[in-house]
């Protein structure tokens, strides 16, 4: 009996082990699940290289168009990144925060730029007077009595009409109109757009009124100098003041344009009666010049010839002028392109 039980027990164990071996042979071997590796190199290039460089270029150039293009591309790239679940969650979130911060900075720069008032400065030109020189000229004007004008009215020529259009656009804060009356060759040298260049030129100054005193030459010339007084309001709460200006008009392609590089105040005219507008000063004609008179000029972009080599209208770095010519040569090239300076009373042609 015992032998029979032992025989059956060993037989059952052998059958169980054989069944397990057959089951292992029939069971398919587990296969490794292969995941498709997704390539996001273009997104990496955009987020890590191209867009940051574009943001830095916009900061350097202060160009609204660059900022707008950067913002649009950056937001579009972030949307694609999240839709495709590109990168690991933490790096993706970090890149999103960084790019959203850059977009906010770019949008903020675009918003505030049109309303930001620049510092009171004239365009950078070779003969722009410094602040000390302007104060000196203002004192000179204030020490001289203001004589009521006695000269005949300035004729309305094409050059005067172009200047009037420029001043009217200035008064109406019409940057496009100012650019249309400005010298095209000057606008072509500006880094920003024409409207932006006019915005920086106007700054926060408003032209309430003006009076043309004298204009040199004729419309047949290529350049004319206009002497005028302009009532300037700096929009800072102070009362508007009359300034003396000497603006250069140039002819290009048969049309007269204002040379914005010559727009700079030569001094403030005094207001003897606070209740009355100031009386414009009279430009005293110069006497017949001596044929041996020596005139001075700046060959590095100067637009005027001077009687005094240390004229107060000159920037300090150009004083004294070392290049000169005699008055009989005034109509010879290149001196025929220069205009007389009224600060040192250089003789007219």
* Any helices (runs of 4 or more DSSP H) falling wholly within segment 171-257 and containing at least 2 residues that are more than 28 Å from residue 337 (Cα to Cα) -> 175-180, 194-202
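Here is a yes/no grid of residues against (1) modelled with pLDDT under 50; (2) in a helix (DSSP H, G or I); (3) farther than 30 Å from residue 318 by Cβ:
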{"position": "76", "(1), (2), (3)": "no, yes, yes"}
{"position": "81", "(1), (2), (3)": "no, yes, yes"}
{"position": "101", "(1), (2), (3)": "no, yes, yes"}
{"position": "106", "(1), (2), (3)": "no, yes, yes"}
{"position": "109", "(1), (2), (3)": "no, yes, yes"}
{"position": "113", "(1), (2), (3)": "no, yes, yes"}
{"position": "119", "(1), (2), (3)": "yes, no, no"}
{"position": "129", "(1), (2), (3)": "yes, no, no"}
{"position": "133", "(1), (2), (3)": "no, yes, no"}
* If we scan segment 304-315, do we find a residue that is outside any loop (DSSP other than H, G, I, E, B) and in contact with a helix residue (DSSP H, G or I) (Cβ under 6 Å, 6 or more places away or on another chain)? -> no
* To do: Evaluate segment 265-278: report whether one residue or more is more than 30 Å from the chain's Cα centre (by Cα), surrounded by 11 or more Cβ atoms within 10 Å (Cβ to Cβ), at pLDDT 85 or above and part of a loop (DSSP other than H, G, I, E, B).
  => no
* Evaluate the following for residue 148: is it surrounded by fewer than 11 Cβ atoms within 10 Å (Cβ to Cβ), modelled with pLDDT under 85 and in a loop (DSSP other than H, G, I, E, B)? => yes
* Is it the case that some residue within segment 176-185 is within 21 Å of residue 159 (Cβ to Cβ) and modelled with pLDDT under 85? -> no
* **Residue in segment 305-312 that is more than 19 Å from residue 223 (Cα to Cα) and modelled with pLDDT under 85 present** => yes
* **First in segment 191-203 and at pLDDT 80 or above, second anywhere and surrounded by fewer than 14 Cβ atoms within 10 Å (Cβ to Cβ) and assigned to a loop (DSSP other than H, G, I, E, B), Cβ under 7 Å, 6 or more apart** => 200/118
* **All positions within segment 317-349 that are in contact (Cβ under 8 Å) with a residue 60 or more places away in the chain, assigned to a loop (DSSP other than H, G, I, E, B), within 36 Å of the chain's Cα centre (by Cα) and more than 12 Å from residue 306 (Cβ to Cβ)** => 348
* Asked: Does segment 284-299 contain any residue that is at pLDDT below 85, within 30 Å of residue 208 (Cβ to Cβ) and assigned to a loop (DSSP other than H, G, I, E, B)?
  -> yes
* Of the conditions (1) modelled with pLDDT of 80 or more; (2) surrounded by fewer than 18 Cβ atoms within 10 Å (Cβ to Cβ); (3) in contact with a helix residue (DSSP H, G or I) (Cβ under 8 Å, 6 or more places away or on another chain), residue 43 clears all except one; give me its number. => (2)
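The values are calculated or read from the model by the stated rules, or taken from the named source; none is laboratory data. Note that this is a predicted model, so its numbers are computed, not measured. Neighbour counts run over all protein chains shown; Cβ positions are idealised from the backbone, glycine included.
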